[in-house]
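Okay, structure first, notes after.
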Amino acid sequence: TDDELSRTDCFHTDVILIFIMYSMICFSIVIVFLAVLASHIFYLLKIADKSMSEKTRRFHHIMTKSIATQNSYPSNYLVLYPLSVTSMHSFVNSMVVLSTTPLFRRALRDL
């Protein structure tokens, strides 16, 4: 039984590493884009400083920070959601394999 269990290794880390690298690259692109966008908006607000009252300028700064924060949540969700789906799929797949394969059921029962 131990020899059979040692031959059942089917975990391919290269595919997972490629997926994680792809996710991190996409996340980095989104972060850079949002940083450039926020700095450009703050630059435009600084230029328009002469034509705005202090209260309006402060309001625009607060709203810009709020929009930047709100935009960070979907990017986090887009990166973390596929990882959570992949994790859940792996968990469910493991449970199905463990519960339907007689060899694994015997090994679990013997634990």
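The values are calculated or read from the model by the stated rules, or taken from the named source; none is laboratory data. In this text the structure is predicted, and so the values were computed from the model without any measurement. Note: ideal-geometry Cβ built from the backbone for every residue, glycine included; neighbour counts use all protein chains shown. Heavy atoms of the whole protein, side chains included, go into the accessibility calculation; ligands, DNA and RNA do not. Shrake-Rupley method; radii C 1.70, N 1.55, O 1.52, S 1.80 Å.
Pairs only if they're at least six apart or on different chains, beta carbon under 9 angstrom, first in segment 28-48 and among the hydrophobic types (A, V, I, L, M, F, W, C), second open to solvent by less than 90 Å² (accessible area, probe 1.4 Å) and outside any helix (DSSP H, G or I); list them, first residue then second.
Leu45/Met52
Please go through (1) modelled with pLDDT of 75 or more; (2) surrounded by fewer than 10 Cβ atoms within 10 Å (Cβ to Cβ); (3) small (Gly, Ala, Ser) for Ser6 and return the number of the only condition it doesn't satisfy.
(1)
Looking only at segment 32-56, count how many residues are of a type in the set (Val, Ile, Thr), within 18 Å of Ser66 (Cβ to Cβ) and either over 31 Å from the mean Cα position of the chain (by Cα) or not in a helix (DSSP H, G or I) (or both).
Total satisfying the criteria: 1.
Could you tell me which of the residues Leu103, Leu111, Leu45 is at pLDDT 65 or above and open to solvent by 70 Å² or more (accessible area, probe 1.4 Å)?
Leu111
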